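To start, the structure under review is shown below, and the notes come after it.
Since every read-out is calculated from the coordinates, none of them should be taken as a lab result. As the structure is a computational prediction, the values presented were derived from the model and not from experiment. FYI the Cβ positions are ideal-geometry reconstructions off the backbone, even for glycines, and counts take in every protein chain you see.
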Amino acid sequence: MKRIIWIILDSVGMGEMPDADKFGDVGSNTIANVSKKVGGLNIPNLVQLGLGNIEGMKEIEKIDNPLGCYGRFAEMSNGKDTVTGHWEMAGIYSKKPFPTYPNGFPKEIIDAFEKAIGTKILGNKPASGTVILDELGEEHIKTGYPIVYTSADSVFQIAAHEEIIPIERLYEICSIARKILTGDHAVARVIARPFIGKKAGEFTRTPNRRDYAIKPPHDTILDKVKAKGLDVIAVGKIEDIFSGRGITEAIHTTDNMDGVDKTIEYMKQNNEGIIFTNLVDFDMKWGHRNNYRAYAKGLEDFDKRLLEILNTMKDTDVLMINADHGCDPTTPSTDHSREYVPFIAYGKGLKQNIDLKTRKSFADIGQTIGEILGTEKIKHGISFAKDILR
């Protein structure tokens with residue numbers, strides 16, 4: 001096997017973990033609850049690979065002879081955010097959760113930020129990304145002050161109208177914030193949230209989002225693959241999540257279908273190593289906005305494109321599909337949810353209908369990728385390569 005096509009369906013969880021009560025997520029089950037709400041999901045290609053056969057899966061059809069290898073994975077790290085999930089699957093265990101700010105950021109942080117960027121800010125509180133634009137967007141246009149807000153996640157988000165604060169300047173002030181937010185205030189991500197529109201009710205976020213994640217504390221599977229001289233191609237926000245570490249080539253995307261397009265384009269090239277894709281719309285556009293109908297359609301749209309991905313695979317390719325956390329759009333919460341994540345693997349060189357059961361860490365995925373590609377081992381995780389390779 002020469003190449004891993006690794007696709008993350010951002011936030012597509014499959015049921016609360018045993019400690020979900022500690023995170024306020026009892027009852028969360030992103031896939032099952034979405035399916036139930038819309039009267040069933042039409043995702044035949046995922047079903048054929050074994051999605052419905054995963055231990056604990058509800059509301060998805062179980063079949064007799066799935067073509068793929070499948071299982072559900074628990075998160076060992078203390079968290080339920082994007083960085084924690086992606087880092088763990090790549091080999092980093094985060095024992096200490098990243099800091100969150102339910103009452104906004106402390107005065108010393110805001111003072112330092114305002115001084116560094118030379119202007120005041122608006123907001124500084126937890127808020128929905130769309131609600132805060134309606135609340136403060138017009139004032140932002142009048143004053144030119146950037147809007148700072150957070151959520152239940154460890155994020156310092158900066159929203160700015162593209163005609164008021166140009167994109168490059170917004171990225172610059174995000175970089176400034178990233179340098180300030182260290183030590184006890186080392187949030188997982190600083191996020192640039194550009195938007196357009198003229199008044200409340202019309203403001204719309206643009207695809208020019210950028211994430212400025214904290215740097216990984218040690219090598220991941222991406223570093224190991226790169227060190228072997230292989231490609232690590234990041235599609236979507238993967239480059240941001242890992243702060244560029246272990247990446248050989250990166251491209252950002254505008255939406256899920258653009259992410260699939262870019263993935264397929266890279267699959268048609270003669271690269272070896274990893275094509276690592278994050279499809280963020282499930283989380284950003286639908287999960288956080290509790291739009292379960294759009295979430296369901298997004299799953300069905302991906303399933304249609306999955307056939308194209310399968311038909312583009314080479315005999316020496318391995319396809320892996322999993323999530324990084326949950327974000328159940330059917331619950332009152334608009335935040336991420338502490339859930340198991342589904343995992344599917346498929347390839348000509350893999351066995352069929354292999355049930356991996358429930359595994360203890362996302363890091364098992366990264367360790368398995370390393371064994372398949374012949375790299376040095378990563379710090380955490382137990383490989384299941386022997387279980388799935390022919």
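Listing for the model above:
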item: Per-region count, segment 21-41, residues under 15 Å from residue 58 (Cβ atoms), in contact with a Gly (Cβ under 9 Å, 6 or more places away or on another chain) and surrounded by fewer than 24 Cβ atoms within 10 Å (Cβ to Cβ); result: 2
item: Those residues of segment 186-208 which are under 22 Å from the mean Cα position of the chain (by Cα) and either surrounded by 18 or more Cβ atoms within 10 Å (Cβ to Cβ) or under 20 Å from residue 101 (Cα atoms) (or both), in sequence order; result: 186, 187, 188, 189, 190, 191, 192, 193, 194, 195
item: Looking only at segment 111-133, and only at residues there that are of a type in the set (D, E, K, R) and assigned to a helix (DSSP H, G or I), the one that is farthest from residue 166 (Cα to Cα); result: 111
item: From 283, 324, residue being surrounded by 21 or more Cβ atoms within 10 Å (Cβ to Cβ), part of a loop (DSSP other than H, G, I, E, B) and among the acidic types (Asp, Glu); result: 324
item: Check on residue 270, surrounded by fewer than 19 Cβ atoms within 10 Å (Cβ to Cβ) and either touching an Asp or Glu at 6+ places or on another chain (Cβ under 7 Å) or assigned to a loop (DSSP other than H, G, I, E, B) (or both); result: yes
item: Unique residue being assigned to a helix (DSSP H, G or I), farther than 30 Å from residue 40 by Cβ and either of a type in the set (A, V, I, L, M) or under 19 Å from the mean Cα position of the chain (by Cα) (or both) when the list is 260, 225; result: 225
item: Matching residues in segment 140-149 - criterion: being buried (at least 23 other Cβ atoms within 10 Å of the Cβ) and either of a type in the set (Ser, Thr, Tyr) or not in a loop (DSSP other than H, G, I, E, B) (or both); result: 140, 147, 148, 149
item: Top-ranked residue of segment 176-221 - restricted to ones that are of a type in the set (S, T, N, Q) and in a loop (DSSP other than H, G, I, E, B), ranked as nearest to residue 109 (Cα to Cα); result: 182
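So that you can scan it fast, the table gives a plain yes or no per residue for (1) without any contact (Cβ under 8 Å) to a residue 40 or more places away in the chain; (2) crowded, with 23+ Cβ neighbours inside 10 Å; (3) in contact with a helix residue (DSSP H, G or I) (Cβ under 7 Å, 6 or more places away or on another chain):
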site: 293; (1), (2), (3): no, no, no
site: 315; (1), (2), (3): yes, no, no
site: 318; (1), (2), (3): no, yes, yes
site: 328; (1), (2), (3): no, yes, yes
site: 346; (1), (2), (3): no, yes, yes
site: 354; (1), (2), (3): no, no, yes
site: 369; (1), (2), (3): no, yes, yes
